Structure formats: structure tokens, C-alpha cells
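Asker: Submitted below is the structure of interest, expressed as C-alpha cells.
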Amino acid sequence: MKSASILIVDDSSADRTSLRLAFERTGLPLKLSFAESGRSALALLMPKSVSSRLRPDLMLLDVKMPGMSGLDLLHAIKADPALMTIPVFMLSGSDNKSDVLQAYTSWASGYIVKPSEVSGLNDFANVIGRLASCVLTYAER
């Protein structure tokens, strides 16, 4: 099992905390980074100094965020040759069909409705954590 890094972008501090706790409970070798907005995620992914650029193995983006939405951030990621190979999963509180379609046509790796119960969140973190640390092979490391 290899260590994997995951960037989680969500404007809700409660959701970021819940996700952090769920991923920590997996016991998997994961390095988590967080951003509270699309703009703050871009600052981590595309800083002025290339040497300080964050290059996560996998990203989880909240779809609905003020300012720059998760779908807008997805477009920016997939337009950047240095970032376009990162698997990006969209997270949402709803399964709005137009959001789902827009995510997949914008090259999202998946669209996941956020689990509402703690057990569902733990299962989600376990599956994503295992995908990141056991299953996926990455273009760059």
C-alpha cells in the first residue's frame, strides 16, 4: 500500500472536519490537504513559485461553492497540462442531473453525493482512501 495525497476543496468547515475525521479513521497512509474555496485551491495548485506547487494524487471538489464553483475549478484544473491528469471527484449534497452531466463532460473522474450519515461518510472515506492508496496508478508522482 502506497501513501497518497488528497486535496479536499469544500466551503463548509463542518464538512471539511467530518471528511478529515472519516479519512483519519480509515488508518490508510493518506496525506490530506484542504482548501475552503476554489480560489484558495488554485493558489495551492498554481502558485507564483512552481517549486511550492501542490500536486495531489486525487482531488475531491464540492460542486456548490460561492465565488468559484467546484465545476469552475474542475475546468481550470483540466485546462492546465500540469494538473489535467489528476483524478478529480465531484462532491455534492444533491444529484442534480445537469450538475452530474456537466461534471462528466468536463472530465470529472466521478460524481459522488455526500453521505448524510456518519457510517456512510466512513464507508466513502474508506473506498476513496483505498482507491487513492491501493488501486490508482498515477501519471506523475
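Asker: Would you be so kind as to identify which of P115, A76, V50 lies farthest towards the positive end of the dipole of the chain, taking Lys and Arg as +1 and Asp and Glu as -1 on Cβ and the Cα centre as origin?
Answerer: After comparing all options, I get V50.
Asker: Taking amide hydrogens as modeled 1.01 Å from N in the peptide plane, which residues meet the under 5 Å criterion relative to S37, leaving out close sequence neighbours?
Answerer: Sorted by chain and number, the residues that satisfy this are D10.
Asker: Residue by residue, what Karplus-based ³J(HN,Hα) values in Hz, rounded to whole numbers, does region 37-46 have, using 6.51, -1.76 and 1.60 with θ = phi - 60° and x for Gly and Pro?
Answerer: Once θ is set to phi - 60°, the couplings for region 37-46 become 7, x, 5, 5, 5, 4, 5, 6, 7, 10 Hz.
Asker: Using the Karplus curve 6.51 cos²θ - 1.76 cosθ + 1.60 with θ = phi - 60°, work out ³J(HN,Hα) for each residue of region 13-20 in order, rounded to whole Hz, and write x for Gly and Pro.
Answerer: 5, 5, 5, 4, 5, 4, 5, 4
Asker: Please arrange L136, L101 by counting, for each residue, the other beta carbons lying within 10 Å of its beta carbon, fewest first.
Answerer: L101, L136
Asker: Can you give the Rg and Dmax of region 66-141 based on its C-alpha atoms, in angstrom?
Answerer: Rg then Dmax for region 66-141, in Å: 13.4, 37.
Asker: Summing -39500 (n - 2.57) over the DSSP H runs of n ≥ 4 in the chain and dividing by its residue number, what mean residue ellipticity at 222 nm do you reach, to the nearest 500 deg cm²/dmol? Please list the in-between numbers first.
Answerer: On the way: 5 runs with 54 residues, N = 141.
Per the formula, -11500 deg cm²/dmol.
Asker: Under a 10 Å cutoff between Cα atoms, tell me which one of G27, G70, G110 has the largest fluctuation in the Gaussian network model of the chain.
Answerer: For the chain, modelled as a Gaussian network with Cα springs under 10 Å, the answer is G27.
Asker: Could you list M68, M59 so that the one with the fewest beta carbons within 10 Å of its beta carbon is first and the one with the most is last?
Answerer: In order of increasing Cβ crowding within 10 Å: M68, M59.
Asker: Hey, another quick one. Mind listing which chymotrypsin sites (Phe, Trp or Tyr not before Pro) in region 76-141 are in a DSSP loop and have 16 or fewer other Cβ atoms within 10 Å? Could the numbers behind the result be given before it?
Answerer: Numbers: sites: F89, Y104, W107, Y111, F124, Y138; in loops: W107, Y138.
Passing sites in region 76-141 are W107, Y138.
Asker: Given H placed 1.01 Å from N in the peptide plane, which residues other than close sequence neighbours of K114 have an amide H under 5 Å from its amide H?
Answerer: Placed amide hydrogens put S92, G93, S94 under 5 Å from K114.
Asker: May I pose another question? When only DSSP loop residues count, what trypsin sites (Lys or Arg not before Pro) in region 29-112 have their Cβ near at most 11 other Cβ atoms within 10 Å?
Answerer: Filter output for region 29-112: K48.
Asker: If you don't mind, another one. Report the Rg/Rh value for the chain, based on alpha-carbon coordinates and the Kirkwood definition of Rh.
Answerer: Values: Rg = 14.0 Å, Rh = 15.1 Å.
Ratio value, two decimals: 0.93.
Asker: Further, regarding this structure: Mind checking the dipole of the chain: about its Cα centre, +1 per Lys or Arg Cβ, -1 per Asp or Glu Cβ, Debye to the nearest 20? It would help to have the intermediate numbers written out before the result.
Answerer: Details: 15 positive and 14 negative charges, 92 e Å.
Value, rounded to 20: 440 debye.
Asker: Please compute the net charge surrounding T17, taking Lys and Arg as +1 and Asp and Glu as -1 over other residues with Cβ under 12 Å from its Cβ.
Answerer: -2
Asker: Would you mind pulling out the separation of the Cα centroids of region 69-131 and region 35-55, in Å?
Answerer: So the two Cα centres are separated by 18 Å.
Asker: Enumerate the calculated ³J(HN,Hα) couplings along region 90-106 in order (Karplus 6.51 cos²θ - 1.76 cosθ + 1.60, θ = phi - 60°), each rounded to whole Hz, writing x wherever the residue is Gly or Pro.
Answerer: Calculated HN-Hα couplings, in order: 8, 10, 8, x, 9, 10, 3, 4, 5, 5, 4, 4, 5, 4, 5, 6, 9 Hz.
Just so you know, all these numbers are worked out from the coordinates, no wet-lab data involved. Computed from a prediction, not measured in an experiment: that's the story for all the values here. Methodologically, a virtual Cβ is constructed for each residue, glycine included, from the backbone with ideal geometry; neighbour enumeration extends over all protein chains shown.
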